[in-house]
Amino acid sequence: MKLDEYQQSVVDCDTNAVVSAGAGSGKTTVLARRFLRLIVQERAEVGEILTLTFTRKAAAEMYERIYGLMIENRDNPAAAAAVACFDKASISTLDSFCSRIARDCSATFGLPSTFTTDEPSVRALAEDVSLDFILGNAGNEHLKDFIFINGFENIWKNFFVHISLNYLAIGSPVDFRAVYEAQIMTAETALEKTAKELDGFITDILALEPVSKSIVSAQAQLVNLMSFNEFVAAIAADADYSGLAAAAAGLKLRKPGKAAKEEIIRLKEIIGELKEAAAEIIDLAGTLGNRELLKGLFDLTSDFQDELFSRKRVAGLLGFHDVLTIAVSGLKQDKLLRKYYKSLFRYIMIDEFQDNNILQKELLYLLSEQDGKEADGIPAAEELNPAKLFFVGDEKQSIYRFRGADVSVFKQLSNELAAAGGTALALKRNYRSEPGLIDMFNEVFRHVMRESDQDYQAAFEPLESRAAVLPGMPSVKLLYKPYNPSLPDDSLTAEESEAHSIADYILASAGVLDVAEKSGLRKAEFSDFAMLFRSGTNQKTYEQVFRAAGIPYNVHSVRSLFQEAPVNDIYNFLQICIYPDDRTASAAFLRSPLINLSDLSLVEFLLSGRSVFDEGQEACCKNADDLTKYRQAKALYEEINPRIDREPLAGIVTDIWYRTGYRYLILANSRLHGYLEYFDYLNQLAISHDQRNKTAADFLDYLRENLGEYKKIDELKILGYSTGGVEMMPIHQSKGLEFPVVIIANAGNVGVNDRGGSSPAYISPIDGLSFNLMSESGGPAAQADRCNYFYSRGKAENRAREDAELRRLLYVALTRAESHLVVSGAHGRSNRSGERSMLNMFLSAFGWTYNSDPFVCTALEPYIEEIENRRWTVDGALGSNAANIPAAAQLYAAAEAEKYRFSENEFSASGLNSLHSGAEDGRMLPGLDSRLEKMLSEKSREAEFGTLTHRLIEWSIKAGRWDPMPSVEDFSIELRPFFSGYSDDDWTLLIEAASGLASGFFDSDLWRAASGSAGFESELAFTALREEDGKPVYVNGIIDLLFELDEYIQIVDFKTDRRIVPGEYDKQMEIYIDAAGEIYSKPVSCSLFYLRAGLEVSL
């Protein structure tokens, strides 16, 4: 293969270099050719060239490519010699190489050289240590406060376990006292600076000419305000920052609307700056006012770090992050060790370096330090051997931030090495994609990857293209479903309609669409299509539709394993082997394909109250067919049950799969063939538990915890199962791959919605660890004095880095395509603005503006096709086997019904109340807007209106936003997804009325008492055992609002009724009073609050 001019310059480079290798530019070929040049021309030995990659798969490919090139050139004596000793080649992942160094210095860190690195085991250890630490420190007031604010599970899994895996490393312990002191010092300095800025903004507003009411109003609010700078100086002595936060929160100036006058325009600008400064003052006051809590949390985290490291040392178990830090620290501290490793390698080549971080760069700098210089610390770029380091990567393809990758490190390398005499090179020509696609990529990313001064934003350089293979232009399609709030009730979801449209496209294109390959053209097959997702969380719907459409497919990320029938059926069988009295598992097992009893026999088994395979249970079978099935299942049970915990679990699972006919059942129905691989995954999990000497009960505990969950299974390795079908995978897993036809599915997905307080902490390269001190559950902890400046900064930085990576993710996705590209997505209520989705980024590149109609965008006309709304039908149902519903209905109608009598022993509080309330007329309350009343009456939406108003009050309380309340727009974003079937006009009418009723409550004396109390709870759920009519019954209820006063508990129940009927809710309130009294051991008072009238009625 002849190299182009860019590739040749990279191969010939003889200095330290950073190579920016665009998508499809042949970087693996270039690295292999450079390896050959170093062997042939520079006379390097095979073992003197260290070649590092990001993944084991990439290392294997690199090894194969280089070895093959050596064989091709074995006429050269140096290449022939390299082939003869190629077993000495140092081609590996960076993780593997770090492990080699870490074993050589492990004793320094109190570890045996035989330590193991097993990420699932490290996670399990982290979970155990974290839980033990929380329980062992249950009396710690700071921990109790932290848990109250964030929730127990959140602190366990998303704080302690998270920092165990992503922050704390044995090789570089964190000095948490130093982090705390640095944060306090930074906060004090920032507070003084921001207070002066805020005073400046106030002075600027007061200096404006009062030419409008908005200016006069703003000046009136500020004229007598105390200087914030003086405020800060005054509180420095007693450290009471709550008044400062309240003063800043009280700056509620409103921006004027559109105006032409210069003074009003200036007011608008100043108010924007003032609000930003006031928000920063609130955050800083929260941080400094809670310094004792923060100090306690940092001390607690330090203790946890010590405990985690101790347990890791005892277990001899490390994560890859531990190994990396040990390798770097070992080379820094042990100069003889550093000298030894420096002497091993003349050249170091690193592929995919955009997916590495600062620690990995430091490791490579230590290995490339000039000979004879083992200085303290990390060498600078000018202290490196000038021709040893060779970095290859592409900042536009850095998409592994969740693994610790930091794209800014790669971006800084070029300038750093160039300043020290190195070289910056680029591979600019893409050999993967058709020229027509390259033109489109260049146009799209000229907009998507705009210039930025942030080092975590990728800069885009246009790609050059190869010669075309397709005779015409490659096809580019945008399958788009617009937002429609007024769809029929039997409509499929947008995602389901989109999945059907993609299936239609694939069925229409397979065998018809031309795809390019080196030898020419051919027709596309199913295996030429790849569906790429932002994440695998949306994959299940597409799998179901593809099964129903008969499209073969392969998955590369198993998420629906625990939701599908095969795992659940096998779990239930194993469960009754160990726990025969489990009635839920028994019922599921009896109706599963493993036995498949009729409904009548199933009821008899459940009514018997005995275990399925107890003596005499054959009598429960209502017909001969059921009896035969039961006896076959019992024979299998009697064979399997004694083998539990005596034989490997994997063998038992295999027997259940094959010998019960379960596999044959799936093979017999082509629509179910997608389930075949599920056995491989389940069996792999069983083998993993066998290897760790886990019992069958442990295995069932693991399965039970995950049943029904749609989640990625980290410990499950995909086995390469292939049906020659469409490839389905997350974009992250498509890195390094290429496909004739790429479909970016579900492009409207906005990812996880990170709302305030959802994460208990953030980790920043600047500020370190920061804690969330703001509760989501209401009460005093939701006030302004519980903010944290560093948490807010960490959250904003995290969001900005996520957005930057999303742009790179879109780049990786698009550039996988060789011949044809499809982007598919839908707009809904909440994703029509902002660039949190790849769909919006793609649309914006063609001139589309937020919330506008893409079909009127001229630049999109050649590509856009509307996804039609699909409606639920028998034959079109997701995953349907085209069941004959009319025939089934006829069969059930003709069947003789069996009658059973059951006594009810569980009620809701409102349901029990309805059995006791009368039907008096009562007093009518004031009506709402006549249009709203008409809509509620005609569409029977009265109850739903009540639910919406309840939800609106609940959300305002939990978000701590009642003064002022959120805007109608905020409420719509938060709540509209839960209320379907409204037009935009009807929804506006509904939400405005509900907001008005909620506002009336927040202006009431009752709420003033609640918000000023020691603490309150919203939506308090309970279950109570009561005696009703001489019988014990369980009653479930939810108390709308409860707050604690000095001598009693006050309960509030919201009502949106049209009338007040005396005694109508007496039973319900009696239940609430009894439950609250039992929980709090205090007297209880109860009030109904009729929202339509803003009226409190005490009971």
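Every number here is computed from the coordinates shown, using simple stated rules; none is lab data. None of the values given here were measured: they were computed from a predicted structure. All Cβ positions, glycine included, derive from the backbone under ideal geometry; neighbour counts span all protein chains shown.
Given 25 °C and 0.890 mPa s, compute D for the range 257-326 with the Stokes-Einstein relation, Rh being the Kirkwood radius over Cα pairs; round to the nearest whole µm²/s.
145
Using alpha-carbon pairs under 8 Å, 6+ residues apart, how would you state the relative contact order of the range 179-291 in percent?
41
Give the lysines whose C-alpha is closer than 27 Å to that of K261, dropping any in the same chain fewer than 8 places away, or say none.
Candidates past the 8-residue exclusion: K213, K252, K275.
HN-Hα J couplings of the range 349-356 from phi, Karplus 6.51/-1.76/1.60, θ = phi - 60°, integer Hz, Gly and Pro as x?
Using θ = phi - 60°, the values come out as 10, 10, 9, 6, 6, 5, 9, 10 Hz.
How many percent of the alpha carbon pairs in the range 1023-1099 exceed a separation of 21 Å?
31
Binned at 10 Å from 0, what are the whole-percent values of the Cα-Cα distance distribution for the chain, short to long?
The calculated distribution, bin by bin, is 2, 8, 13, 19, 22, 19, 11, 5, 2, 0, 0.
Tell me, what is the FRET efficiency for I766 and R646 to the nearest 0.05, using R0 = 51 angstrom and their Cβ-Cβ distance as r?
Given R0 = 51 Å and the Cβ-Cβ separation, E is 0.35.
Restrict the search to the range 633-693; then list the trypsin sites (Lys or Arg not before Pro) that DSSP places in a loop and that have at most 13 other Cβ atoms within 10 Å of their Cβ.
Filter output for the range 633-693: R646, R692.
With a 10 Å Cβ neighbour count serving as the proxy for reagent exposure, in which order, fewest first, do K518, K1067 appear?
Ascending number of Cβ neighbours within 10 Å: K518, K1067.
Calculate, for E896 and I1038, the FRET efficiency according to 1/(1 + (r/R0)^6) with r their C-beta to C-beta distance and R0 45 Å; round to the nearest 0.05.
The calculated FRET efficiency here is 0.60.
Which value, in debye to the nearest 20, gives the size of the charge dipole of the chain about its Cα centre, when Lys and Arg are +1 and Asp and Glu are -1 at the Cβ?
The calculation lands at about 2800 debye.
In what order do C85, C1086, C98 fall by count of nearby beta-carbon atoms within 10 Å, going from fewest to most?
Taking fewest neighbouring Cβ atoms as first place, the list is C85, C1086, C98.
Would you mind pulling out the separation of the Cα centroids of the range 240-255 and the range 261-336, in Å?
For the range 240-255 versus the range 261-336, the Cα centre distance is 26 Å.
Put a dot 7 Å past each Cα toward the Cβ at D303 and V40; how far apart are the dots in nm?
With each label placed 7 Å out from Cα toward Cβ, I get 6.6 nm.
Of all the C-alpha pairs in the range 964-1040, what % are more than 15 Å from each other?
Value for the range 964-1040: 71 percent of Cα pairs lie more than 15 Å apart.
For a 29 Å ceiling on Cα separation, which of these pairs sit above it: K694/K795; K2/K388; K934/K958?
With Cα atoms farther than 29 Å apart: K694/K795; K934/K958.
For the range 908-1098, how big is the tail of P(r) above 30 Å, as a whole percent of Cα pairs?
Cα-Cα pairs of the range 908-1098 separated by over 30 Å account for 22 percent.
Arrange W1007, W955 by Cβ neighbour counts within 10 Å, fewest through most, would you?
Placing the least packed residue first, the sequence is W955, W1007.
Taking Cα pairs under 8 Å and at least six residues apart, what relative contact order does the chain come out at, in percent?
13
Please list the non-local residues whose amide H lies under 5 Å from the amide H of Y483, H modeled 1.01 Å from N, same-chain partners needing a gap of 5 or more.
H827
With label points built 7 Å along Cα→Cβ from the Cα atoms of D1005 and Q333, find their separation and express it in nm.
Between D1005 and Q333, the simple spin-label model gives 6.9 nm.
Just to be sure I follow: if Rg is taken over the C-alpha atoms of the range 178-223 and Rh is the Kirkwood radius over the same atoms, what is Rg/Rh?
Taking Rg over the Kirkwood Rh, I get 1.30.
Work out how much length K694 to F978 would gain on full extension: take 0.36 nm times their residue separation and subtract the Cα-Cα distance, in nm to one decimal.
Full-extension gain reported as 98.0 nm.
When the Cα centres of the range 467-545 and the range 640-698 are compared, how far apart do they sit, in Å?
Between the Cα centre of the range 467-545 and that of the range 640-698, the gap is 34 Å.
Would you grab the residues whose amide H sits under 5 Å from the one on I744? Only those 5+ places off in sequence or on another chain, please, with H modelled 1.01 Å from N.
L532, V822, V823, S824
Find, among the GluC sites (Glu not before Pro) in the range 1-67, those assigned to loop by DSSP (not H, G, I, E, B) with at most 13 other beta-carbon atoms within 10 angstrom.
Here no GluC sites (Glu not before Pro) fit, given the DSSP loop and packing criteria.
Seen from all sides and averaged, what is the projected area of the convex hull of the Cα atoms in the range 179-291, in nm²?
7.0
With r as the distance between the Cβ atoms of A800 and K193 and R0 = 22 Å, compute the FRET efficiency 1/(1 + (r/R0)^6) and round to 0.05.
The pair K193/A800 has a calculated efficiency of 0.50.
Using only alpha-carbon positions, what ratio does the radius of gyration of the range 561-706 give when scaled by 2.2 N^0.38 Å?
Its radius of gyration relative to the 2.2 N^0.38 Å reference: 1.03.
Where Rh denotes the Kirkwood radius from the mean inverse Cα pair distance, what is Rg over Rh for the range 625-689?
We get a ratio of 1.03 for the range 625-689.
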